[in-house]
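To keep things clear, I will list the structure first and then write my remarks on it.
The values are calculated or read from the model by the stated rules, or taken from the named source; none is laboratory data. Predicted model, so just to flag it, every value in this text is computed and none were measured. Cβ: placed from backbone, ideal geometry, glycine included. Neighbour counts: every protein chain shown.
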Amino acid sequence: MEYNELLIKVSLTSLLFMLIQPLVFIMIYNNKMANLKTLNVLQYIAITIVYVVPYFFSNFNEEYWLLLVMTIFIVIQGLFSIQNYKRI
């Protein structure tokens, strides 16, 4: 059975969530995430930018855009978690 490339990308995104999301929750619930307000503001700015990209770049690949929409939050949260983990 042959899988669509988008399905493979979505499954890799799920793997990324599985690896990073527990670290994010552990850091937040143990009050180790020092800059939570900055994290939230940065996520809102990033998702806004991602959503307006197709309006400015009409030939932007739709699959890449969908993958970016799905992964932008977890990438930002992962970077913040790793930064705070190194700080501890």
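On inspection, Ile8 passes the criterion of being in a helix (DSSP H, G or I) and either over 11 Å from the mean Cα position of the chain (by Cα) or acidic (Asp, Glu) (or both).
Any residue in the range 24-35 that is farther than 13 Å from Gln77 by Cα and modelled with pLDDT of 80 or more? Scanning the range 24-35, I find no residue that is farther than 13 Å from Gln77 by Cα and modelled with pLDDT of 80 or more, so the answer is no.
If you filter the range 30-64 down to residues that are out of contact with any helix residue (DSSP H, G or I) (no Cβ under 6 Å at 6 or more places or on another chain) and among the aromatic types (Phe, Trp, Tyr), you find that the one that is nearest to Ile20 (Cα to Cα) is Tyr44.
Just one of the listed residues (Leu19, Leu15) is under 19 Å from Leu66 (Cα atoms) and within 14 Å of the chain's Cα centre (by Cα), namely Leu15. Does at least one position in the range 19-30 carry a residue that is surrounded by 14 or more Cβ atoms within 10 Å (Cβ to Cβ), part of a helix (DSSP H, G or I), touching a residue at least 40 places away in the same chain (Cβ under 8 Å) and polar (S, T, N, Q)? Yes; the residues of the range 19-30 include at least one that is surrounded by 14 or more Cβ atoms within 10 Å (Cβ to Cβ), part of a helix (DSSP H, G or I), touching a residue at least 40 places away in the same chain (Cβ under 8 Å) and polar (S, T, N, Q).
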